[in-house]
Every structure is written in C-alpha cells, then in structure tokens.
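No value in this document is a laboratory result; all are computed from the given coordinates. As the structure is a prediction and not an experimental result, all values here were calculated from the model. Glycine also receives a Cβ, built like all others from the backbone with ideal geometry; neighbour counts cover every protein chain displayed.
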Amino acid sequence: MANRIQKSVPLMMILPGLALAVAIIGYPIFDLAWTSLQDVSRFGKLTGFNGGENYAEVFGDPLFWESLWRTGIWTLAVVLGTLAISMPVAMILNDDFYGRGLARVIIMLPWAISLTMTAVVWRWALNGRAGLLNATLMNAGIIDQPIEWLATASTAFVVEILVGILVSIPFTTTILLGGLSSMPQDAYEAAVVDGASGWHQFRYITLPLMKPFINIAIVLNVIYVFNSLPIIWVMTEGGPANGTDILVTYLYKLAFRFGQLGKASAISLIMFFVLLAFTMLYVALVSRNDRDDAAPEEEV
Amino acid sequence: MTHPFRTSTAILALSLGMAGLASAETVVDFTVAEYSSKTGPYFQEVADAFQAENPDIKINIEVVPWDTLLQRLTTDVAGGSAPDISIIGTRWLLDFASQGVAEPIDGYLTPEFKGTFIDTFMAPGVIDGKIMGLPVAASARAMMINKDLYDKAGATPPKTWDELYEASKKIATLPETFAFGLQGKEIETDAYFYYALWTHGGDILKADGTSGLDSPEALEAATLYKKMIDEGLTQPSPTNYTREDVFNLFKQGKVGTIFTFPMLIPQIKAEAPDLKYQILPFPEGKSKATYGVTDTLMMFADSDAKEAAWKFIEFAYKDEWREKFDMGEGFLPVTKNVAALPYFTEDPDVAGFAAGLPYAKFAPTIANWEEIADVTVRTLQQIYLGEVTAEEGLKSAAGEINKIRGL
C-alpha cells in the first residue's frame, strides 16, 4: 500500500501540469472538431450539426486531393533538400577556420527576417521584367530572354520549394551544429589512426552519432514546413490556377475568402491528424531501428 | 528612492482616468479601409472636427489594409468585438446582411440626406428592399492608352475591339514594347475579363441566374484575349502579372493600352509625369459597358452606439469632406453636389472615367461571390496558360459556378 502511494506521488506531482497542458492543447482541437461537424456561418456562428457533410464535401473536392498531394511533395522536397544542404554546412562550420564566427552569423542571419518579408523580397526578385534574378542572369549571359518564374505552376512551385529550403537552413544547421559540437573527438582520432578516409569517417562515425539530431531536425521541419503559409501565399497565393496550392493555402482561402469555416475546420483537423500520424509513425520507426541496432551488440 | 517621473506619470494616469469617468463619453469604433496613405489622416481629420463639435462622442478610427479587411472583420464579428461602423467592399454586403450582422439604415436615413446621393450608387446597397449601407467610394473603369506609343506606331486610338486589335499589331512591332497589358494574377483578374465580356454583350449571370461564362459572348471575349497572348500582342506570361505589375509597365512607358481605374492618375502624375496618356471608353463589341465599383459604409447590428455613429456619418457626408475625400483618393463622387463641381465635369481624366457611369455594370450581389470569382480567375489562368481551350474551360467553369449557386 505504502509502495503504491510512493509510486503514484510523481504522477500526482506532474498531474496539474499535465492537466493544464491537455486543457491548453486539447481545447482548441476539441473546439475544431466540434466546429467541423456543424454548419458554420461566415462569422463563426454555429448553426447546427450537419452530420459529417463538411467532411464529405472536403473528400469530394478535387482541389483538396491535389493540394494534399502537393503538400506531400512540398514537405518532402523542402525537408530533404534542407537536410542535404544543412549537413555539409554544419560540418564546415564545425571545423575551426579563420572567420568561423562571422560565417556562422551569416548562415544564421536569414532566420532573423520574418518569412513573409523573405517571401516578399523573393517575389520582387523573381518578377519577370523588373526582377533582380532575371537581370543578374541576363547580365551574366546565362539567359537572353527574361524568364517569368511565377507564371506557370511548375516553375513557380520549384522556386517556392527552393525558397522554402533557403529559409529552413538556419534552424536545421543550428540543430546539427549542436550535435556535431557534442561529438567525441577521440573516435575520429582512432579512425584516422586506422586509416579511415573522410567519407568513411562521415559514413560510419558522424552519421550514426548524429542520428538523434537528424531525427529531431526531420520531425520539427516536417511540422513547420507542412504548416507553412507565408512563402507560397505571398509569392503566388496558390496560383496560377491553384497549381501551387498546398493544404494550408487552400484552407486559408476557404476560411477567410470564401467564409466556409466548417469545411476549413474539417481540413484543419485532417491536417492535424496527418501530422500526428506522421510524427507517431516516425518516432515508432526510429525507436524500433534503435532497438534493432542495439540488439547485435548485446550478443557480442 | 522614487523616480519623480514615475510619480508624475501615475498622477497623470489617475487624473486622466477620472476625467474619462466624469464625462462618460460614447465611443464609436470606425474601421476604415486603407485606400492610400492619405486615408488614415483624412478620416482622423474628419473625426477631430466632429469631436470638436460633439465633445461627448469619441470616434475611434482604425485603418486596416484592403487585403486583410474581410478576414479582420470576420474574426472581429466571430469574436464579438465588431466595430460600430466600417467601410466594406459592397460585394461582401450580402453576406453581412444575410447573417444579420449589418443594420438596416432606413430608419436613420432622412429623405433630405438620401437625396444627396446619386441613385445609381445607392442601388447596390439595397438588399431585399432594405438599405443596408451607404456608398462611400465609387469608381468606374476605362481604357487608358499611351499616346506617344500610338503616335510612334501610327495607330489610331481604338473605339472597337477590332480597332484595338489592329492598333495592337502595329504597336507590338515597336522594340521593347507590349501592345496590350493583360492582367492574369491575383485580385481582379476576373474583372479584366468582365470588361471584355460585357462589351461583347455578355454578362456574369444570365437572366435566369445561371453563369454567363458558357455564353457565346464569353467565348468570343476569352478567345480574343488568348489570341492576343499567342500573337505576342500582350506582355509575355500574363499569369505572372498582377494589376499593379501591369500598371507599372504602363508607367514605365512600355505598354500601349491598359484597362484601369481613376486612382492610377494621381500615381502617374507623381511617378511618371512625362507620360502622355489618354482616357477612353472601353472598346465596343456589341455594347458599351464599364465596371462600376462601390464601397459601402455599413453599420453593425450589435453596435451599442448607433445614434452617435449615425451623427458622425451625417457629419462625414458634408460636401466639404466628400470633396476632399474624392479628390484626395481619386474617386468618382457618390453625392450629387460634389459631382456637380467643375473638377469632376471638366477635368478630362476624371470626366473620361465618369462618362461610363450611365451604362456602368456592377458585380452582382449574390451569395458566395468570392468563390465564384475564384473559379473564374482559375479558369482564365488555365486558358491564358493554354492548359484548357477557352471553350472547355468556360463551360466547366459555368457548371462549377452553377453548382456553387445551387442551380
């Protein structure tokens, strides 16, 4: 009996905090779910249940499926692209060289500018006739006709992904740099003694040891990028012809342009569950891999 | 040790608080749409003048940019903190009225006050026989040409679409010049098409209420635009050009013809004073038309300061203030007295825009208008990009719009 009380003490102690967290995080989700099942006026007044009609409308809407598909591409491309660039950048910044402090500041600087401002600047830079990018490329002799970057969905979406990668680099580099600086140096020294090449050091020492940091970078970036409105909204508003709409821009249009708050909250809830499913799946996958990796060592 | 400054601030705050209590003034929250950088200071000036005469009423002006205005009002209303009065786009009025958010003003509007308005502009504010708002700003659209380019190319200012097409062919041969500026991105991409639709004799809605996009007139208009894109008579890739982008090309003297609003004139005078332009009516096909746009001053149904708000409205519609507003922002007058001023009848620029008013068309006041406009914009972009033919695109857009309208 005494034992049981003792066991429950820690639980009791975190209970108030836990309850507060559940209330703060849970209430909006509950409210969203509640709203998504009702007819909602454009001013958010609930006018009665409509029995999943919002969801039927969402699932019957081809624009929803196109946006969902595009959200997948957008998230995958931005997150993987960011990682592929941030990893070498972090490794370079981890090496000691003259002016490293300045280089680190330069990499971090874009972080200090709001996403919206960055997107506005890019929108100007990408303007077909007056944009800096076309002017630069034409002066350098790379193109002889200005390119209208945002005129078609295919080029606009690629450009938006590239800008998305650009703005995600500072955050990701910070995480990876933190991981790299906590890396044990003796492992590398031992590897050098054994004649391991630079690639081998990266493949067999850096990468495995960096795994937890890469994982956290992936999960956090997926959540941020999946939900990120400003870049696409500012540059194309999901156009032309809805060709660059992702779920969150589509949702924004539904809610604040068309006033379909019921349908919008349904999509919002779907997005929440997609992210939740991804995060749980990913964490499960990672922890299973860790166990698999650890298993043979125990046998030795 | 107490900082002397802090003590004095505390006393000041205390005395201000007591003064506030003593006078018990009525506060009227007024949300103002930002037309230009002059809008905020102008309304503050009106409010200050009003408060000088009515010390018991405080007018609280809040300036909100157009792009976020609807979202802002939506969240304000949903959160129960709506203003007392607000400027809104007339196309939103139906939504506000049907949800009981807008207060009918028939009871406040005296016959004399009502008589000061031009009737054409009162009409869009009437819903189910009730006046739901007052016209606060009006503009009509017209064609604007660059006279230098027309002279250089030896083209004559067009009166019909055929003449515009022929003139554009000549202007397109000039170097670094685009004959016709065509908007294809973001807000009012659909309006740029309605100009052609209306002048070809079509309409946004047919007489039976279904979409007019599948009419032969709409097809003719869209085919003409597409043909001009394909033949290089417009700037390349219109889907990358917003209204402002097209107007900027015009200011730079690179475009022969655009369709525009009166507010561009002050901009041209400030930014490109050497540009020689001329305002002309839209080219004719089967009929004359222009797009009339009004904004509405609306009172909120749950306002607790309606009497005070109305007093301010009557004050703000005095001729002196209306004249200052219309001239400052470049709008067409909505009141008869201001419209009769020499500036609005004799100035060739303003008169050029005002000339279209007798045959102006307005966007229909129907539910889900924003969504219908969005379908139209999407379809136009697909047509301009060549993703669908004009015929297929317009037909499926009409189907979609009819579905949205529940027809």
Completion exercise
Sparse-neighbourhood loop hits (GluC sites (Glu not before Pro), the range B:192-282; DSSP loop; Cβ within 10 Å at most 14 others) -> B:231
Completion exercise
Taking only Cα atoms of the range B:284-407, the Rg to Rh ratio with Kirkwood Rh works out at 1.10
Exercise for the section: Classify chain A as rounded, prolate or oblate from the Cα gyration tensor: take a ≥ b ≥ c as the square roots of its eigenvalues, call it rounded if a/c is under 1.5, otherwise prolate when a/b beats b/c and oblate if not. Expected result: oblate
Practice task
Divide by every residue of chain B the summed helix terms, -39500 (n - 2.57) for each DSSP H run of at least 4, and state the resulting mean residue ellipticity at 222 nm, rounded to the nearest 500 deg cm²/dmol.
Solution key: -14000 deg cm²/dmol
Completion exercise
Quick note, the range A:226-274: a/c under 1.5 would make it rounded; otherwise a/b > b/c is prolate and the rest oblate (a ≥ b ≥ c, C-alpha gyration tensor); here it is oblate
Fill in the blank from the handout: Those chymotrypsin sites (Phe, Trp or Tyr not before Pro) from the range A:71-174 that are DSSP loop and have at most 12 other Cβ neighbours within 10 Å turn out to be A:97, A:98
Fill in the blank from the handout: The answer for residue B:102, listing residues at least 5 apart or on another chain whose modeled amide H is closer than 5 Å to its amide H, is B:97, B:301
Practice task
Provide the net charge surrounding residue B:186, with neighbours chosen by a C-beta distance below 14 Å and charges set as Lys +1, Arg +1, Asp -1, Glu -1.
Solution key: -3
Handout entry: Calculated [θ] (222 nm, deg cm²/dmol) that DSSP helices of n ≥ 4 give over chain A, each run adding -39,500 (n - 2.57)
Key = -24000 deg cm²/dmol
Completion exercise
Computed over all unlike Cα pairs, the Kirkwood hydrodynamic radius of chain B in Å stands at 23.1 Å
Handout entry: For residue A:119, net neighbour charge (Lys/Arg +1, Asp/Glu -1) across residues whose Cβ lies under 12 Å away
Key = -1
Completion exercise
Taking a ≥ b ≥ c as the square roots of the eigenvalues of the Cα gyration tensor, with a/c under 1.5 meaning rounded and otherwise prolate when a/b exceeds b/c and oblate if not, the range B:35-149 is rounded
Fill in the blank from the handout: For the protein assembly as shown, the convex hull over Cα atoms projects on average to an area in nm² of 46.0 nm²
Practice task
Select from B:207, B:363, B:351 the residue whose mean-square fluctuation is largest in a Gaussian network model of chain B (Cα-Cα springs shorter than 10 Å).
Solution key: B:207
Exercise for the section: Take every residue in peptide A:145-156, count the Cβ atoms of other chains within 10 Å of its Cβ, and give the average of those counts. Expected result: 4
Fill in the blank from the handout: Computed ³J(HN,Hα) along the range A:175-186: with the Karplus parameters 6.51/-1.76/1.60, θ = phi - 60°, integer Hz and x for glycine or proline, the list is 4, 5, 5, x, x, 5, 6, 9, 6, x, 6, 5
Exercise for the section: Determine the shielding of peptide B:359-370 by partner chains: average, over its residues, the number of Cβ atoms on other chains within 10 angstrom of each Cβ. Expected result: 1
